[in-house]
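Any read-out appearing in this document is the output of simple, stated calculations on the displayed coordinates, not a laboratory observation. These figures come from a predicted structure and were not determined experimentally. So basically every Cβ, Gly included, is an ideal-geometry build from the backbone, and we count neighbours across all protein chains shown.
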Amino acid sequence: MTIDHADFTIKKIIRAQPATVFRAFAEQELKRKWFAEGGPKSKGDYRLDFRVGGTESGRFEIAEGPGAGLHENATTYIDIVDDARIVYAYTMAWNGRVHSASLTTVTFAPSEAGCKLTVTEQGAYFAPSDGPVMRRGGVEAQLDALSRLFD
Amino acid sequence: MTTDNARLDFARVIGCSRVTLWHSLIDPTARSTWGPSEGDVLRFTATDTREGGSDVHLCGPKADPGYEVTTLWHRIEEPDAACFTEVMHHNGKLLSASQVDYALGKTDAGSRLHVTVWVSSFVGAGLLDGFQAGWGSALDNLTRHLEATT
């Protein structure tokens, strides 16, 4: 079995104050809009328990193509510093098989335009998996959806 | 408030079967044997070793093992690979989170083990050196223990 390891950092300026952007990560109905419903067809079972030791989960379906099937996210929150930092571990599963595990840190800092958001992800991908390049693309798409909430 | 990150890689060739090596890496009782350094102890307070489960252990000096480590198991593919997150606190203060994966293979000499550790330190970059030394020492303990008992 092949295990690919990769990390990436994405920096994005969001046109809102750090506390406001933080709320979009912390409140289920806000996060649902950009995280669970911004991409492939959600199964409608997104759940968020935003606290240290709490979890987040959701599923989406891809109807056709190389990624066709049921995809599941499972997150556990490790550290939360209000309006400043979130650390979590998450896995992605495809048709019931865990194919990646990642350790992620998100920081929120003030900037002239609003909030400087930094997402650092350290991951292991168990082939077959989407891999780090596609994963980064997926995270970027989610952050674009987040940014659009405040445009 | 800073976060310091690093990737650590380790490799060992150990003169035992993959099944024996796997057991020592995953079984809590076995981990208690080779995990701690000289003079230290590793004691589990909760075990649920399965995909999606978690273990909790205390480690440190025998008189006062003040480090609490929570292990979140992500993937367990016996006897080839495993992946988990470890969250470490000391006397209630969060020190670090690390994601670890084990990859096991066969060699003419027995078994090959690759360990990759992604570590995030929340108390400064110095802890990253501690992870390098700690994992190296633990894997040396594991090698000695297995080669002495198999």
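For the stretch A:24-33, the count of residues that are within 30 Å of B:A81 (Cα to Cα) and under 12 Å from the mean Cα position of the chain (by Cα) is zero.
Quick test for you: out of B:D4, B:D40, B:D27, pick the one residue that is touching a residue at least 12 places away in the same chain (Cβ under 8 Å) and either surrounded by 14 or more Cβ atoms within 10 Å (Cβ to Cβ) or within 14 Å of another protein chain (Cβ to nearest Cβ) (or both). Reasoning before the result, please.
Working: B:D40 fails: either surrounded by 14 or more Cβ atoms within 10 Å (Cβ to Cβ) or within 14 Å of another protein chain (Cβ to nearest Cβ) (or both); B:D27 fails: either surrounded by 14 or more Cβ atoms within 10 Å (Cβ to Cβ) or within 14 Å of another protein chain (Cβ to nearest Cβ) (or both).
Going through B:D4, B:D40, B:D27 in turn, just one is touching a residue at least 12 places away in the same chain (Cβ under 8 Å) and either surrounded by 14 or more Cβ atoms within 10 Å (Cβ to Cβ) or within 14 Å of another protein chain (Cβ to nearest Cβ) (or both): B:D4.
Does A:Y46 qualify as being in contact with a helix residue (DSSP H, G or I) (Cβ under 9 Å, 6 or more places away or on another chain) and aromatic (F, W, Y)?
It is true that A:Y46 is in contact with a helix residue (DSSP H, G or I) (Cβ under 9 Å, 6 or more places away or on another chain) and aromatic (F, W, Y).
Checked across the stretch B:65-87, the condition of being within 9 Å of chain A (Cβ to nearest Cβ), within 22 Å of A:H99 (Cβ to Cβ) and of a type in the set (F, W, Y) holds for at least one residue.
The set of residues from the stretch B:43-64 being closer than 17 Å to A:T76 by Cα and either away from every other protein chain (no Cβ under 14 Å) or not small (G, A, S) (or both) comprises B:D48, B:T49, B:R50, B:E51, B:D55, B:V56. Selection of the stretch A:110-124 for residues being more than 11 Å from the chain's Cα centre (by Cα) and more than 10 Å from every other protein chain (Cβ to nearest Cβ) yields A:P110, A:S111, A:E112, A:A113, A:G114, A:C115, A:K116, A:L117.
For the residues B:D9, B:D27, the requirement of being acidic (D, E) and in contact with a strand residue (DSSP E or B) (Cβ under 8 Å, 6 or more places away or on another chain) singles out B:D9.
Regarding the stretch A:67-76, can at least one residue be identified that is under 21 Å from B:E86 (Cβ atoms) and facing chain B (nearest Cβ under 9 Å)? Checked the stretch A:67-76: at least one residue is under 21 Å from B:E86 (Cβ atoms) and facing chain B (nearest Cβ under 9 Å).
Selection of the stretch B:106-150 for residues being in contact with a helix residue (DSSP H, G or I) (Cβ under 8 Å, 6 or more places away or on another chain), surrounded by 15 or more Cβ atoms within 10 Å (Cβ to Cβ) and hydroxyl-bearing (S, T, Y) yields B:S111, B:S121.
When the stretch B:5-41 is filtered for residues that are part of a strand (DSSP E or B) and not polar (S, T, N, Q), the ones remaining, listed by number, are B:A6, B:R7, B:L8, B:D9, B:F10, B:A11, B:R12, B:V13, B:I14, B:D40, B:V41. Against the numbered list (1) assigned to a loop (DSSP other than H, G, I, E, B); (2) free of Cβ contacts under 8 Å to residues at least 60 places away in the same chain; (3) surrounded by fewer than 17 Cβ atoms within 10 Å (Cβ to Cβ), B:T49 comes up short only at (3).
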